[in-house]
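I have placed the structure first, in the form of C-alpha cells, so that the comments after it can refer back to it.
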Amino acid sequence: YWPAFLMSAGIPLPKRVFAHGFLFNRGEKMSKSVGNVIDPFTMVEHYGVDQVRYFFMREVPFGQDGNYSHEAIVNRTNADLANGLGNLAQRSLSMIAKNCGGAVPRRGELAEADTAILDQAIEALAVSRRAMAEQGIHLALAAIFSVVAEADRYFASQEPWALKKTNPERMETVLWTTAELVRRVTVLCQPFIPGSAAKLLDLLAVPVDKRAFEHVHADHALVPGTALPAPEGVFPRYVE
C-alpha cells in the first residue's frame, strides 16, 4: 500500500529500499527462551568496538542473513586486523624507528615491485567506491584487505632486515613503500574501523586534514624526514 499512498499524494517513489537480514548465533535464531541472545555492549567490551564492526561488515553481506560465533569473530579479526594490517604496520614502523632515526625513510628510485603494490591501493579505492554504491560493504573490505595480504608478501620478499647490511638505501625505500602502503590502506579503512584507523594514521604522522579518500593518491604520500611517534600496537591479538 505504501507506494500507492505516495503516488496518490504526488510524492516520488523511493529509488532504493534497504532491508536487513537476520543474525544467527552459531546457526540458530536468537531467542530469550533458548538463552542465546547476546548483549552487543558486552560483545564490544569483550572483543573491541572496531573488531566487532569489522567482523560483521566483512562477514555479513548487507541485506542478507549472517552467522556469527566466538570462534568466527576471533579467527577473522586476528587474521585480518592483528596478523594482517596490525602486524604489517608494527613490523615496518618498528624497523623505521630503529634504523631510520624515527622518521619517514628516504625514498630512492622505486622498483617495479614498489610501484605495483602502491598501485594496488589505488585500485582498491576504485573497487571500494563501486562496491559501496551498491551496499557491497563486504566486497569493499575484501578488496582493501587483499591489498594488505599482498603488502605482507611484498614486505617478506623484499627482506628489509637483510638489506640493512647489503643495501641500506634500498632498505629505506622498501620501508618507505611499506609505510606509504599502510597509509593508503588505513585511509580506506576509516569508515569501517574509525578509532583504530585514526590511531594508525597518528603513528604515521598524517595530518587530520589529509585523511580523506582524495588523499590516497601519490600527491599526498608520506614525506621523507617527517618525525614519527614511537610505534605501538593498534590491533591486539585475541588470546583465550
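The values are calculated or read from the model by the stated rules, or taken from the named source; none is laboratory data. Please read all numbers here as calculations on a predicted model, not as lab measurements. FYI the Cβ positions are ideal-geometry reconstructions off the backbone, even for glycines, and counts take in every protein chain you see.
Is it the case, given these coordinates, that residue 163 is without any contact (Cβ under 8 Å) to a residue 40 or more places away in the chain and in contact with a helix residue (DSSP H, G or I) (Cβ under 9 Å, 6 or more places away or on another chain)?
Values: without any contact (Cβ under 8 Å) to a residue 40 or more places away in the chain: yes; in contact with a helix residue (DSSP H, G or I) (Cβ under 9 Å, 6 or more places away or on another chain): yes.
The answer is yes for residue 163.
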Pair list, Cβ under 6 Å, 6 or more apart: region 16-42 residue on the phi > 0 side of the Ramachandran plot, other residue modelled with pLDDT of 80 or more and among the small types (Gly, Ala, Ser): 26/69
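Among what's in region 202-240 and is closer than 25 Å to residue 83 by Cα and over 19 Å from the mean Cα position of the chain (by Cα), pick the residue that is surrounded by the most Cβ atoms within 10 Å (Cβ to Cβ). Explain how you work it out, then say what you get.
Initially, region 202-240 is screened for residues closer than 25 Å to residue 83 by Cα, giving 202-206, 211, 213, 216, 221-222, 228-240.
Subset that is over 19 Å from the mean Cα position of the chain (by Cα): 228-230, 239-240.
Values: 228: 20, 229: 12, 230: 9, 239: 7, 240: 4.
Taking the candidates together, the pick is 228.
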Which pairs turn up if I take residues in region 105-121 that are under 19 Å from residue 142 (Cα atoms) and look for partners that are part of a loop (DSSP other than H, G, I, E, B) with beta carbon separation below 8 Å, at least 6 apart in sequence or on another chain? 118/110
Only one of (1) in contact with a Lys or Arg (Cβ under 8 Å, 6 or more places away or on another chain); (2) not in a loop (DSSP other than H, G, I, E, B) is not met by residue 108, so which one is it? (2)
Those residues of region 81-136 which are over 18 Å from residue 148 (Cα atoms) and among the polar types (S, T, N, Q), in sequence order: 99, 135
Can you name every one of the helices (runs of 4 or more DSSP H) wholly within region 156-240 that holds 2 or more residues which are among the hydroxyl-bearing types (Ser, Thr, Tyr) and closer than 20 Å to residue 107 by Cβ? 168-189
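Which residues, taken from region 175-201, are surrounded by 20 or more Cβ atoms within 10 Å (Cβ to Cβ) and either aliphatic (A, V, I, L, M) or modelled with pLDDT under 95 (or both)? Quick ask: steps written out before the conclusion?
Going residue by residue through region 175-201, those that are surrounded by 20 or more Cβ atoms within 10 Å (Cβ to Cβ) are 175-189, 193, 196-197, 200-201.
Passing the criteria: 175, 179, 181, 182, 185, 187, 188, 193, 197, 200, 201.
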Show the residue pairs that are 6+ apart or on different chains and have beta-carbon atoms under 8 Å apart, the first residue being within region 131-150 and within 16 Å of residue 76 (Cα to Cα) and in contact (Cβ under 8 Å) with a residue 40 or more places away in the chain, the second being of a type in the set (Val, Ile, Thr) and outside any helix (DSSP H, G or I). 138/60
Within region 116-131, identify whether any single residue is within 16 Å of residue 171 (Cα to Cα) and among the small types (Gly, Ala, Ser), and answer yes or no. no
